[in-house]
Amino acid sequence: MPEKKIIAVVGATGAQGGGLVRAITSRKDSQFKARAITRDAKSDKAKELAKLGAEVVQASVDDPVSMRRAFAGAYGAFCVTFFWDHFSAEREVEDVRNMAQAAKANDLQHVVWSTLEDTRKFVPLSDNRMPTLGGKYKVPHFDGKGEADQIWRDLGVPTTFLLTSFYWDNLIYFGMGPRRGPDGTLAFNLPMGDRKLPSMAAEDIGKCAYGIFERGRELIGKTVGIAGEHLSGAEFAAGLSRALGQPVRYNAVPFDVFRGLGFPGADDLGNMFQFNHDFADAFRGARSVEFSRTLNPELQTFDQWLARNKARIPLE
Ligand SMILES: NC(=O)c1ccc[n+]([C@@H]2O[C@H](COP(=O)([O-])OP(=O)(O)OC[C@H]3O[C@@H](n4cnc5c(N)ncnc54)[C@H](OP(=O)(O)O)[C@@H]3O)[C@@H](O)[C@H]2O)c1
């Protein structure tokens, strides 16, 4: 049997990378083996990945020397950045530069880069429908990733650009679960008007990335968008009502109200939802559910995800 090809996975203890590590280690006949990159090889999460059969390597995306070592001898890499750890698009761009240079130095055959749109190509800074943030962004956690696409191209790294979607897991971890109003009924608050939002189980991102690696060279140089479903706020609420066995109504939050909520990143997320809403045709058009299912035949629907995860959604 030929030796298995190493896929180095950034963010391996997290949502996206973790899904890919599990996709690799759960297939005993896979042509790939997983190298899990973490800043702390001794953490419980890193140990769990080692137990699954992953090689665990310690490195940080902001340390170029460690990244070069972490990618050594690998066939490919899954690369992701961590906006919500530091709230800096500039830092995301620098972290991508470190990863891309490490990929180039090690002559990697295939990188899957988890990216998002540079919204400034749709909403120039002069467009006042939404505020400019940090002096040069509309949606910082999108724009830095989209800007960084060019780094891979300039360095000539064989890259697939993976456009991801809103995680359903945000209902558990990101304060996006339904909230109980003064009348005691639950409301699902989302600033999406009557438009549909591409969204998915975070675990499925890594599984789709696995499908991309499986296709060999076919998707190199291409931008590939993924989603589990495109759902309106009303459809989110209906799914939640069915799963929770109690009525959940959709509350279409105005963009300005969301931007003003005051938590860190509220303005960035408010702009993101307005971008998703105002450019819904392009945003949805870039994320085909059917194509995602060809990459990952186990792609979950919202109902399936809810059946597994409803007990973990905090109801406040
Ligand atoms: N939430 C959404 O709906 C959504 C949708 C699309 C895209 N995204 C994007 O997804 C990205 C985050 O991915 P995720 O959700 O998979 O992350 P995550 O679950 O928060 O996990 C990130 C993992 O990355 C590792 N990490 C953090 N800083 C690192 C560093 N400097 N060097 C190496 N590893 C580091 C951490 O592992 P260790 O502690 O083990 O090092 C952590 O477990 C964000 O940029 C966000 O914009 C989010």
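Descriptive notes on the structure:
- Test: residue in the stretch 179-186 that is assigned to a loop (DSSP other than H, G, I, E, B), touching a residue at least 24 places away in the same chain (Cβ under 8 Å), more than 23 Å from Phe213 (Cα to Cα) and in contact with a Ser or Thr (Cβ under 6 Å, 6 or more places away or on another chain): no
- Scanning the stretch 142-163 for residues that are within 11 Å of the ligand (Cβ to nearest atom) and open to solvent by 10 Å² or more (accessible area, probe 1.4 Å) yields Lys145, Leu163.
- Every residue from the stretch 39-59 that is part of a helix (DSSP H, G or I), within 22 Å of the chain's Cα centre (by Cα) and surrounded by fewer than 23 Cβ atoms within 10 Å (Cβ to Cβ): Lys45, Ala46, Glu48
- Applying the criterion of at least 2 residues that are open to solvent by 30 Å² or more (accessible area, probe 1.4 Å) to the strands (runs of 3 or more DSSP E) found wholly in the stretch 199-264 leaves 229-232, 248-252.
Conditions (1) assigned to a helix (DSSP H, G or I); (2) under 19 Å from the mean Cα position of the chain (by Cα); (3) free of Cβ contacts under 8 Å to residues at least 24 places away in the same chain, marked per residue:
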site	(1), (2), (3)
Lys28	no, no, yes
Ile37	no, yes, no
Val61	no, yes, no
Arg68	yes, no, no
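- The lone exception for Arg69 - which of (1) in contact with a helix residue (DSSP H, G or I) (Cβ under 8 Å, 6 or more places away or on another chain); (2) of a type outside the set (A, V, I, L, M); (3) more than 8 Å from the ligand (Cβ to nearest atom); (4) closer than 17 Å to Ala102 by Cα it fails: (1)
- Pairs linking a residue in the stretch 136-152 that is within 11 Å of Asp267 (Cβ to Cβ) and part of a loop (DSSP other than H, G, I, E, B) to a residue that is within 11 Å of the ligand (Cβ to nearest atom) and not polar (S, T, N, Q), with Cβ atoms under 7 Å and 6 or more positions apart or on different chains, are Val139/Asp268; Val139/Met272.
- Annotation: of all residues in the stretch 181-198 being within 16 Å of the ligand (Cβ to nearest atom) and open to solvent by 10 Å² or more (accessible area, probe 1.4 Å), the one that is nearest to Leu269 (Cα to Cα) is Asn189.
The values are calculated or read from the model by the stated rules, or taken from the named source; none is laboratory data. Because the structure is a prediction, the values reported are computed rather than measured. All Cβ positions, even for glycine, are placed from backbone atoms using ideal geometry, and neighbour counts span all protein chains on display. Ligands, DNA and RNA are stripped out before the accessible areas are found, and what is left, the full protein with its side chains, is counted by its heavy atoms. Shrake-Rupley method; radii C 1.70, N 1.55, O 1.52, S 1.80 Å.
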